[in-house]
Every structure is written in C-alpha cells, then in structure tokens.
Amino acid sequence: MRRILPLPTLLALLHAGLGAQTPPPAARERIDTYPSGATQRRYEVDEDGRQHGRCEEFTETGTRTRLETYRHGVREGEWKEWAPDGHKLRSFNYQAGALHGHCEEYHDNGRTAAAGDYQKGLRQGRWLLSDRDGVRKQVCEYQKGQLHGPLRITLRDKVLTKQMWRDGDLLQLDDLPPLPIAQRTLLTELRAIVDAPLPPLDPKDALAADRHAALRRLAAYRRLCGLPFAELSLVADWNLRCDAAAEVCRRLGHLDHTPEQPPGFDAARYKLGYEGASHSNLAAGGSLESSVDQWMDDSDASNIDRIGHRRWCLNPPLQKVGFGHDGGYSAMWSMDESGGSPRNLEFVCYPPHGYTPVDLFSANRAFSVGFRKGSVPKKADLRVSVIPLDEDWLPAAAPLELDWCAPAEGGFGNVPCIVFRPVGIDVTIGRRYRIEVGKAGEKEPLLHYLVAFCEPLRSNH
C-alpha cells in the first residue's frame, strides 16, 4: 500500500532536501597573480563583490608589501605597509573609512619617522617626528588636524626652535615678538576693507567710485601695517585740488610738485592745481586705485633714497585725504595729521611683522622701518639681515645680499626711517624671512621680526 504523507510534512521534507543541496556560505577569496603565476594580491569580498576582510599584496618573490582590512568596501581596522625589501614603512588604523587611532611611519633604516594619533581622519594630540638618524626631533601638538599648542625642534640636546601655534596659525617664533594677528583673521579683515560696499555717491562726481576704491586700498595697507585706518575719509575740497593737480601734470606731460602754469591754462584752475600738487603724492600711469600701489612701492631709482610717498601713506596720524585723477595722472592729498596715533607703536614696518598677502608686496620693493622712538642709526653703523627660513621656520640659507641699505632722506611722514632692499627675495605664498636690524658695536638688535608671505587678497593675482 502506498503511503500518502500529509501535505505539510511533504513540503517540510522537500524544503529540507533542497537546503541540503545548497552549500553553506564560504569565504569568497580572490587571488590576482603575476604572469609567472606568483600571487600578487589576495583578498576577500562580500556577497556584493566589495572588499570585505583581509587584503594582502606581495612582490613577485613573495614578500608581503601591504596588509589591509575592509568592511563591506570601507577601510576598517589595521593597515600596514612594507618596502619590497621587507622593512616596514607605515602602520595605521581606520575606522569607518577614516584614519583613526595610532599611526607610525618609518625610515628605510627602521627608525620611526612620525608617530601620533588620528581622530576621524585628522591628526590629534601629541606627535613626534624624527630624522633618519633619530638626532633631529620635532614634538608638536595637533587639534582637529591643525597645529595647536607648543612645537619644539631639537638636534640631539640642542633646541633649534620653540614655537607656539593656535588652530594652524603661528603665534610666536622663538624670541621674536608674538605675531600681531592670525593669518586667516588678517585676510578676512583686509578683504572686508577692499570689498566694502560703496557709500552713497555724489552723482555730480564722475570719479566718486574711483576715489573710494583708492581710499579702501590705502586703508588696507594701513591695516596691514597696524596703523589707524577705519576713520579715513575724503575731503571734497582736497579732491577738487587733486583733480586740478592731475590735470596740470597731464598738460605739462610730467609730474611736478611745484608745477609751472601750462600755456593757456586757466589761472584760477592752475592755483588749485598748484596747491594740490604741493600737498600730494603724484603718480603717472594706471588707475587711481593702482596709484596707491605705486606710492607704496616707491622703490624706483628716483625714490628709494627717501620713499617719501610711502611714508606719507603710512604716517600714523593721517586721517583725511583727497584723491584726483586726469588722463592717467593721479594725486593724493597726503599731508594731514588730524587723526590719532597708537601710543605703543614703536616701529612702522613695511612689510610688517607677521603675514603679508603677496599682492601687497613684490620682489622689487624695498623694506622700510620707521622709528617712532629712539634714533635711526647712521648709514655706516646700520646692520640689517634678511634671513630666509625653511618650512620649519628655521634659517635655510645665509642672509640675502642687500642692494640698498641706508637711512631715508627727508622728513616725509614725520617718521625717521631706514630703507633696505634684499636681492633675490621670493614673494610667493609660504615664503618667510627673519629680519634683524641692529647697530654696529651693539650686541642686541634694535629690532627683529618675521615677514611671512601668504595668499593674496584677490584670487586673480
């Protein structure tokens, strides 16, 4: 007699039989080989073909060069790398695809090159860096991937540099004065000055927008050098005289602070122009705004001995100005001292101590230091060094040669001044120099400061 099984039992047995024919999930290992047949890469994947688990790479002779771990295609866990000769290169850890945990990197002789921790992909906490011989070491602190806190570099037992950092900005280098402002803060402030919206303009003044652009450019230079700038303002009567001064110079075809009356020129207009020219910085070529850059440059053969235009631009109590322009000639009424002056300002340096955007200086420009306290050394006694620094802010070469170094002539800007120009200075982002100004026979310098070039105010530089 044929036995008829109940339907539920039959279905259960059928299901069990089918299950017996399906093997349990096995590790899906993959192997890539060299043409010789030697294993090049051995790894595991998940059911979707993503790397999952260990991954190893080998040289053709069998030396392991990489050990990686993945979790469903994402880096997770321990990673190690070796050179083809077998010495270790680095060891680090991942969490959810980002570097996380302890990391070590090694020189080819096995000594530690760098050691420290990552947190969610960013360096965090104390890091130690060493050279190949282990004699030069750098100890520093990181916070969220940025240098933050003390940094010290030593060579054996000798300290080469001590630095203090905050959020990726250098605050202090060795015995130099603290930097007056963080790089990002400075750039933000300077860009806010040059990009400030225009105030209501006089519709009868065709040059109103140009005058304000020049005023903002002047304010940016003064802010860079730590001088009062927020109260700078235009005087309408001085604008008229500067316009007339520019027109007189155009008619004459040259710049002149005490110009003669051009033939056929209106006498009343000439009187305004003469007054404007005798109280103004003058420039030829370019826009009214770019004339401010010319005056701050002031390093051509006819001006480097006194840099008088620059000194008027950087005169601490300057507050009121006028600007005029005509046919490529520009004038700035600069002889004003109606503003206040910082009490603790001892030196007026250009470029200043700290950061300088690369579009506010150039390699042909002379450096200047105005002395608001003390006397300026005589030329024979003046000692100036401009020392290139490397990426660790340490001296990288001998001081640059100077093609000019002397006290500035004249009383322009009412601040005694020295002028010096280094040969071969590199005005590009990241270059930095240590400046020392001293007097013959004196052990301590009168002034030492840092100049570091940073990104420009405008991206089209």
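Could you rank the peptides 28-37, 47-56, 445-454, 384-393 by their average count of other C-beta atoms within 10 Å per residue, with the highest value first? List each step's numbers first, then the result.
Working: 28-37: 10.5, 47-56: 14.8, 445-454: 19.7, 384-393: 17.0.
Packing proxy ranking, top to bottom: 445-454, 384-393, 47-56, 28-37.
Nearest 500 deg cm²/dmol is fine: what mean residue ellipticity at 222 nm does the chain get from its DSSP H runs of n ≥ 4 alone, each adding -39,500 (n - 2.57), divided by its residue count?
Calculated from helices alone, the mean residue ellipticity at 222 nm is -6000 deg cm²/dmol.
May I ask you to derive the FRET efficiency for Tyr34 and Leu89 from their Cβ-Cβ distance with R0 = 25 Å, giving the value to the nearest 0.05?
0.75
Please give the helix 236-252 orientation as an angle from the longest Cα principal axis of the chain, in degrees from 0 to 90, rounded to the nearest 10.
Value to nearest ten degrees: 80.
Output needed: percent of Cα pairs per 10 Å distance bin for the chain, bins running from 0 to the one holding the longest distance.
Final binned percentages: 4, 15, 20, 16, 12, 10, 8, 6, 3, 2, 2, 1, 0, 0.
Rounded to whole Hz and in sequence order, give me ³J(HN,Hα) for segment 127-133 from the Karplus expression 6.51 cos²θ - 1.76 cosθ + 1.60, θ = phi - 60°, writing x for Gly and Pro.
With the stated coefficients, segment 127-133 comes to 10, 10, 10, 9, 7, 4, 8 Hz.
For the chain, find the longest principal axis of its Cα atoms and tell me its angle to the long axis of helix 267-278, 0 to 90°, nearest 10.
Compared with the principal axis, the helix lies near 60 degrees.
Want the number for Asp359 to Thr258: 0.36 nm per residue separation, take away the alpha-carbon distance, what's left? Mind dumping the intermediate values first?
Working: separation 101, 0.36 × 101 = 36.36 nm, distance 3.25 nm.
Taking Asp359 through Thr258 to full extension adds about 33.1 nm, to one decimal.
For the chain, take the longest principal axis of its alpha carbons; what is the angle in degrees between that and the long axis of helix 288-297, to the nearest 10 within 0 to 90?
Helix 288-297 sits at roughly 90 degrees to that axis.
What ranking do 285-293, 324-332, 159-167, 436-444 get when scored by the average of other Cβ atoms within 10 Å per residue, highest first?
Per-residue mean Cβ counts within 10 Å order the peptides as 324-332, 285-293, 159-167, 436-444.
Would you mind telling me the share, in percent, of accessible area of segment 225-314 contributed by carbon and sulfur at probe 1.4 angstrom?
Answer for segment 225-314 is 52 percent, counting heavy atoms of protein chains only.
The values are calculated or read from the model by the stated rules, or taken from the named source; none is laboratory data. All of these numbers come straight from a predicted model, not from anything done at the bench. Don't worry about glycine lacking a Cβ; one is built from the backbone with ideal geometry, like all the others, and counts go over all protein chains shown. Accessible surface is based on the protein model in full, side chains and every heavy atom, while ligands, DNA and RNA are left aside. Shrake-Rupley method; radii C 1.70, N 1.55, O 1.52, S 1.80 Å.
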